[in-house]
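Chemist: Here it is, the structure, as structure tokens.
The values are calculated or read from the model by the stated rules, or taken from the named source; none is laboratory data. Not measured: the values here are computed from a predicted model. Cβ coordinates were reconstructed from backbone atoms using ideal geometry, including for glycine residues, and neighbour counts include every protein chain displayed. Each accessible area value is taken on the protein alone, full model and side chains, heavy atoms only, with ligands, DNA and RNA left out. Shrake-Rupley method; radii C 1.70, N 1.55, O 1.52, S 1.80 Å.
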Amino acid sequence: MHPSLRLLPLPLCIAFSLQVKAADDKPPNWGLCPVQDVVKPFADAQTLPDGIKIDNANEATDIEGDALSGTEENPVFNGNVTLRRGDQFMGAEHLKYDKSKEQYTAEGNIRYQGGGLRLVAKRAEGDQAKDIHTLQGIEYQLLEQRGNGGADSMVLKGNLGALHGATYSTCPPEQRQWEVRAHSIDVNTDSGMAVARGATLRVGHVPVIYLPWFMFPTDERRRTGLLFPSISNSSRNGFDYRQPIYLNLAPNYDATLNPRLMTSRGLQLGAQFRYLLDDGGGKVEGTWMPNDKLRDRDRSLFHYDAFQNLSQHWQARANLNWISDTRYYEDFSNSIDGLSQFTSLSEIGVYGRGRGWDAGVSADHWQLADYTLTESVLPYNRMPRGYVHWERKVGGGFVAGVDAEVVRFQHPKFSAGSRLDLKPWISLPLEGDSWFLRPTAAFRHTSYSLDNSLAASLGGSTSPSRNQPIFSVDAGAYFDRDMTVKGKEYLQTIEPRLFYLNVPYTNQEDMPLFDTQPLTFSWGQLFRDNRYSGADRQADANQLTVAVSSRMIRQADGRERFSASLGQIRYFNASRVRIPGEPITEESRSAWVADANYAPTDRWTFGASYQWDPKFSRTDLASVRARYLLPDDGVINLGYRYRRSLLEQTDLSFLYPINPSWSIVGRYYYSLHDNKALETLAGFQWDSCCVAVRLLARRYVHNRAGDLSNAIMFEIELKGLGSAGQDTQRALRRAILGYNRDDLYLVPPQTATGQPTPPDTNASP
């Protein structure tokens, strides 16, 4: 018998999450824990197509069963009883319903599925008039995320719920490596919060945390509360404890307080405020540390990063930074990156971009961040700077454009001035399927208005200027052929390229050097019309670049197996324009620039870069790198870097899986130039279905004097619950290329909106 009756809505949607964790942008690795059904699927439960959502409040409840007895007012269903309402399903062996009292009782193999939850229970009863429902002997499984557990009983009253004798874990029942138990959990679905009483976190069979009372979220709404702390230890900071406190102030802005205790240095207070507007957003953050014992002084930092869309084409952006002293970055950084930053840059401006043009008005300011230097090494501040780039087709195949810039320079130690730089140009790009030819003619005008003292030091004129024509021809061809290597089809290319540049000499000795330096010689410089950055110098040239590239591309998947490039500049005349300390560019040849990459298999990759100066028969630059991808996401990296008179380094890093659970990690970064290890890291990882442990020992250069610091980093991750300790994965991703295999294939974004990242949510007060 299959009668169909309309009942009042049965509010059994109890899919609240028992996860006691803050939001985490790094999803756990579930590779060792395949998805399994702790509560087996119900064959008679209805399923909806992916992506289909139903509002159950507008759906009626249909009841079916093998047999119907009782009266019309008190029906009794027996045998394979099912209740369906939207995407909700409930099954039982027996169901009694009293229409006058609106009460029901269900017994025997109680099954429920809906709202991301599947459960079984021994008994269910309820009063729909009072909206009270009770289930006993529950086992449940979350469907949209990992999680399972049980409860002795559960009582639902409207939007309030209470569980007694509840458990939760992301581990399968046969491998209960961690579990949360609570005497009772009261849930309020309106507020999205739950209160647990008598809660215990067990790792294995050992209780490690007991909380007599705590509140946690049951949905994704942001809430004020504590985020997970960070704990570490180092010889410089001592015991280091950070406890972020999240403040949910409004839907479009929030704040995070970051108190930090370093036993060897003192207490630091930090704060961050973020906001989002309809057309913009920003972040303000700062730190303050009274009487840092390391330097015996107060320390502080301020940072403001924001953007605001003004129209379809214009955007305002700001990136403001301030530090209290020149050792701040060095003392508060745990990597070599903090030692390489010798300035702090602030920028603010309005920028526009459209079809064929971009422009902007901005200002920037530099602050010294290296105690071994003086302010005389700081770049000139540009306050303000305006620029425009415009280009368009003008007919007859020609493309014309102009690059213009006007800047007012300022410096805390030196006199300065203003500069105007104009560069109109016209080009005739010609190209076919396998060739291109791009002749370009440009004219560059640069003029200054200098402070009197600076003008006197340069020769007396306060308004020096320069006018230079620039002519270049860029030409190349593309040849390819099909070839077979060891039975695999490849496409091989040969790509020769010529670049001729002619710029007549103009005396520029009466012009200042505000923001101009020689560019580091590289492959890209073979095809530039100026070897300097900035507009203070335009190099004279009569030169020809000859270059060739070749590639082998696997036809099956488009992967590049081999690539090589070789190029050199032939100088027909010596370049007479130079800046103090720059080597003379004589009538000769530049260094050879070579670059090659080879991937003999999908696991092996080799690469090399090399610059050889034939004039002095010496190596200017050399770089060799190799990477091997081990099974089970392991990786070994080996590198060597050399730049004449500057550095010579070797770098070995690895992630070596011993078995699916155990792996060792390490890095040895050594400077042959200084005869010193810059960073040594060693540790192990243990991973399981729902628990991961990482322990690292690290020795690294922590200041510009080359002093070494030791650190122990420990992190335990209860997957689906959270982690405690320092962020070891961040340190490993920085030290070991390929630690996260996805990093090997990431392509950096071309532009950045500046929009703040989503805030940390689900904090537990």
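Chemist: Magnitude of the Cβ-charge dipole of the chain, K/R +1 and D/E -1, about the Cα centre, nearest 20 debye? Could you put the intermediate results ahead of the total?
Modeler: On the way: 83 positive and 88 negative charges, 379 e Å.
For the chain, the charge dipole is close to 1820 debye.
Chemist: Taking the Cβ of Lys101 as the center, what net charge do the other residues with Cβ under 14 Å away carry, scoring Lys and Arg +1 and Asp and Glu -1?
Modeler: That works out to -3.
Chemist: Go ahead and estimate [θ] at 222 nm for the chain from helices alone: -39,500 (n - 2.57) per DSSP H run with n ≥ 4, summed, over the residue count, rounded to 500.
Modeler: Mean residue ellipticity, 222 nm, calculated: -500 deg cm²/dmol.
Chemist: Need one number: nm distance between label points at Ser623 and Gln36, each 7 Å from Cα along Cα→Cβ, rounded to one decimal.
Modeler: Each label point is offset 7 Å from its Cα along the Cβ direction, giving 4.8 nm.
Chemist: Then there's this: Report the per residue volume, in Å³, of the convex hull enclosing the C-alpha atoms of region 451-512.
Modeler: Convex hull of Cα atoms, per residue: 139 Å³.
Chemist: OK, next. Pull out a ≥ b ≥ c, the square roots of the eigenvalues of the alpha-carbon gyration tensor of the chain, then state rounded if a/c is under 1.5, prolate if not and a/b is larger than b/c, and oblate in the remaining case. Intermediate results must be reported in sequence, preceding the final value.
Modeler: Numbers: a/c = 2.18, a/b = 1.98, b/c = 1.10.
Because a/c hits 1.5 or more and a/b exceeds b/c, the chain counts as prolate.
Chemist: Per 0.36 nm of contour for each residue apart, how much would the distance between Val195 and Val361 grow if the chain were fully extended, relative to their Cα-Cα spacing?
Modeler: 54.4 nm
Chemist: Name the longest site-free stretch of the chain, where the excluded sites are GluC sites (Glu not before Pro) in a DSSP loop with no more than 15 other beta-carbon atoms within 10 Å.
Modeler: By the stated rule (loop sites, at most 15 other Cβ atoms within 10 Å), 221-508.
Chemist: Same structure again: Once phi is turned into ³J(HN,Hα) by the Karplus curve 6.51 cos²θ - 1.76 cosθ + 1.60 with θ = phi - 60°, what whole-Hz value does each residue of region 161-168 show in order, with x for glycine and proline?
Modeler: Each residue of region 161-168 in turn: x, 9, 10, 10, x, 8, 9, 8 Hz.
Chemist: Just need the relative contact order of region 125-224 here, percent rounded to a whole number, with Cα pairs under 8 Å and 6+ apart. List each step's numbers first, then the result.
Modeler: Numbers: 222 pairs, mean separation 16.5, N = 100.
The value is 17 percent.
Chemist: Taking amide H atoms as placed 1.01 Å from N in the peptide plane, list the residues 5 or more away in sequence, or in a different chain, whose amide H sits under 5 Å from that of Leu672.
Modeler: Result for Leu672 returns Glu648, Gln649, Thr650.
Chemist: Could you grab the relative contact order for region 183-258? Cα pairs under 8 Å, six or more apart, rounded to a whole percent.
Modeler: Answer for region 183-258 is 19 percent.
Chemist: Percent relative contact order of the chain, based on C-alpha pairs within less than 8 angstrom and at least six residues apart?
Modeler: 9 percent
Chemist: Order the following by accessible area, largest value first: Tyr668, Tyr505, Tyr700, Tyr210. Probe radius 1.4 Å; ligands, DNA and RNA are ignored.
Modeler: Of Tyr668, Tyr505, Tyr700, Tyr210, the descending order of accessible area is Tyr210, Tyr668, Tyr505, Tyr700.
Chemist: Given a 1.4 Å probe, how much area per residue of the chain is accessible, in Å²?
Modeler: 51 Å²
Chemist: Quick check: pseudo-label points 7 Å beyond the Cα along Cα→Cβ at Asp632 and Ser447, how many nm apart are they?
Modeler: Placing both labels 7 Å beyond Cα along the Cβ direction yields 7.2 nm.
Chemist: How much length is gained on full extension from Glu587 to His673, taking 0.36 nm per residue of separation minus their Cα-Cα distance?
Modeler: My answer for the length gained is 27.7 nm.
Chemist: For the pair Ala43 and Glu72, what calculated FRET efficiency results from E = 1/(1 + (r/R0)^6), where r is the Cβ-Cβ distance and R0 = 30 Å, to the nearest 0.05?
Modeler: The formula returns an efficiency of 0.45 here.
Chemist: Among rounded, prolate and oblate, which fits region 58-106 when a ≥ b ≥ c are the square roots of the eigenvalues of its C-alpha gyration tensor, a/c under 1.5 means rounded, and a/b larger than b/c means prolate?
Modeler: In terms of gyration-tensor shape, oblate.
Chemist: Follow-up. With θ taken as phi - 60° and the coefficients 6.51, -1.76 and 1.60, list the Karplus ³J(HN,Hα) couplings across region 523-528 in order, rounded to whole Hz; mark glycine and proline as x.
Modeler: Using θ = phi - 60°, the values come out as 4, x, 6, 5, 10, 9 Hz.
Chemist: Can you list the HN-Hα couplings for region 353-369, worked out from phi with the Karplus curve (6.51, -1.76, 1.60; θ = phi - 60°), rounded to whole Hz and with x for Gly and Pro?
Modeler: 8, x, 6, x, 8, 8, 7, x, 10, 8, 9, 9, 9, 10, 10, 6, 10
Chemist: Compute the distance in nm between two label points, each set 7 Å from the Cα along the Cα-to-Cβ direction, one at Lys122 and one at His183.
Modeler: 2.2 nm
Chemist: With a 1.4 Å probe and every protein chain left in place, tell me how much accessible area Cys33 has, in Å² to the nearest 10.
Modeler: Accessible area of Cys33: about 10 Å².
Chemist: Dipole magnitude of region 483-532 about its Cα centre, charges +1 at Lys/Arg Cβ and -1 at Asp/Glu Cβ only, in debye to the nearest 20? Mind dumping the intermediate values first?
Modeler: Working: 5 positive and 6 negative charges, 96 e Å.
Here region 483-532 has a charge dipole of around 460 debye.
Chemist: Positive end of the charge dipole of the chain (Lys, Arg +1 and Asp, Glu -1 on Cβ, about the Cα centre): tell me which of Pro504, Gly487, Phe332 has its Cα farthest that way.
Modeler: Pro504
Chemist: With every protein chain left in place, what is the accessible area of Lys157 in Å² (1.4 Å probe, nearest 10)?
Modeler: Accessible surface of Lys157 is approximately 120 Å².
Chemist: I would also like to ask the following. Sorting Lys393, Lys283 by accessible area (1.4 Å probe), largest first, what list results?
Modeler: Lys393, Lys283
Chemist: Taking R0 as 41 Å, what FRET efficiency do you get between Gln175 and Ile245 from their Cβ-Cβ distance, rounded to the nearest 0.05?
Modeler: 0.75
Chemist: Search the structure for amide H atoms under 5 Å from the amide H of Gly280, placed 1.01 Å from N in the peptide plane, and list their residues when 5 or more places away or on another chain.
Modeler: It is Asn309, by chain and number.
Chemist: Still on this structure: Go through Ser376, Ser232 and list them by solvent-accessible area, largest first, probe radius 1.4 Å.
Modeler: Largest to smallest exposure gives the sequence Ser376, Ser232.
Chemist: Shifting gears a bit: Compute, for Arg123, the solvent-accessible surface of its heavy atoms (probe 1.4 Å) with the complete set of protein chains present, and express it in square angstrom to the nearest 10.
Modeler: Ignoring ligands and nucleic acids, Arg123 comes out at about 70 Å².
Chemist: Additional query: So if I place +1 on the C-beta of Lys and Arg and -1 on the C-beta of Asp and Glu, and nothing else carries charge, what would the dipole magnitude of region 419-465 be about its Cα centre? I want it in debye, nearest 20.
Modeler: Value, rounded to 20: 120 debye.
Chemist: For a Förster distance of 60 Å, can you work out the FRET efficiency between the beta-carbons of Leu437 and Ser709, rounded to the nearest 0.05?
Modeler: 0.55
Chemist: With all protein chains present, how much of the accessible area of the chain (probe radius 1.4 Å) comes from carbon and sulfur, to the nearest whole percent?
Modeler: The value for the chain is 56 percent carbon and sulfur by accessible area.
Chemist: Taking a ≥ b ≥ c as the square roots of the Cα gyration tensor eigenvalues, with a/c under 1.5 meaning rounded and otherwise prolate when a/b beats b/c, else oblate, which class fits region 196-311?
Modeler: It is oblate, given that a/c is not under 1.5 and a/b is not larger than b/c.
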